[in-house]
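Written out below as structure tokens is the structure these notes cover.
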Amino acid sequence: STRPRTLFPYTTLFRSTSTITIVPSNDAPVTDLNGAPGGDDATASFTEDGAATLIAPAGTITDVDDANMESLTITLSNRPDGAAESLSLNAAAATAAAGLTITAYNATTGELVISGPATKATYQTILQGVLYNNTDQDPDAASRIVNVVVNDGTANSVLNTSTITIVPSNDAPVTDLN
């Protein structure tokens, strides 16, 4: 006979359906103050009577699940020369920050804060344009620590640090004959 052979004549197939719910979680933004080289922190040097120095000229900001950032907080954590020290934005950073809220550097807290919704690229331009300055004529030679945190509206990045080496210069004596 040409009848098909059934190996398992009593097998019944069942189909089942499962539902999997995926709950997304927010990934925090990431700052890298030195850009491509290894590590996430940066170093810079400031010379007495010299121009203000950029704290993270190659800094980057990334966030895998958010196109915009909400704030950038830069804190000068040690300020042995007090009000003579400051953080500010260069022209490119100030232009990028137009339309955002810039809370000017506070010498008491050491903070400079930029807030408001803007793209990661905008906040990265701002980060790359943050300047450290010291107008003291006898600056303390201790390195300055500048902490950086960016927020995506839900989470803060890990704190990264730019260490500023202070190079004092020997000022010539001044004679006043009056």
| remark: Considering the range 122-142, residues that are of a type outside the set (A, V, I, L, M, F, W, C) and in contact with a Leu (Cβ under 9 Å, 6 or more places away or on another chain), and then whichever is nearest to D40 (Cα to Cα), we arrive at Q128
| query | Listed residues G59, G38, G116; which is open to solvent by less than 40 Å² (accessible area, probe 1.4 Å), out of contact with any Lys or Arg (no Cβ under 8 Å at 6 or more places or on another chain) and either free of Cβ contacts under 8 Å to residues at least 12 places away in the same chain or more than 15 Å from N147 (Cα to Cα) (or both)? | reply | G116
| said: Looking at D176, D140, D152, D136, can you tell me which residue is of a type in the set (D, E, K, R) and loosely packed, with under 13 Cβ neighbours inside 10 Å? | reply: D176
| said: Can you find, within the range 109-143, the residue that is farthest from G59 (Cα to Cα) among those that are part of a loop (DSSP other than H, G, I, E, B) and touching a helix residue (DSSP H, G or I) at 6+ places or on another chain (Cβ under 9 Å)? | reply: Q137
| said: Looking at the range 157-173 only, could you name the residues that are open to solvent by 50 Å² or more (accessible area, probe 1.4 Å) and either acidic (D, E) or within 17 Å of V130 (Cβ to Cβ) (or both)? | reply: L159, T165, D171
| request: May I ask you to list the residues in the range 72-107 that are surrounded by fewer than 13 Cβ atoms within 10 Å (Cβ to Cβ) and among the aromatic types (F, W, Y)? | output: none
| said: Whether any residue in the range 94-107 is of a type outside the set (G, A, S), touching a residue at least 12 places away in the same chain (Cβ under 8 Å), closer than 15 Å to F46 by Cα and in a strand (DSSP E or B) is what I want to check. | reply: no
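The values are calculated or read from the model by the stated rules, or taken from the named source; none is laboratory data. Because the structure is predicted, anything quoted here is derived from the model rather than measured. Cβ coordinates were reconstructed from backbone atoms using ideal geometry, including for glycine residues, and neighbour counts include every protein chain displayed. Quick note on the areas: whole protein, heavy atoms, side chains included, nothing else; ligands and nucleic acids left out. Shrake-Rupley method; radii C 1.70, N 1.55, O 1.52, S 1.80 Å.
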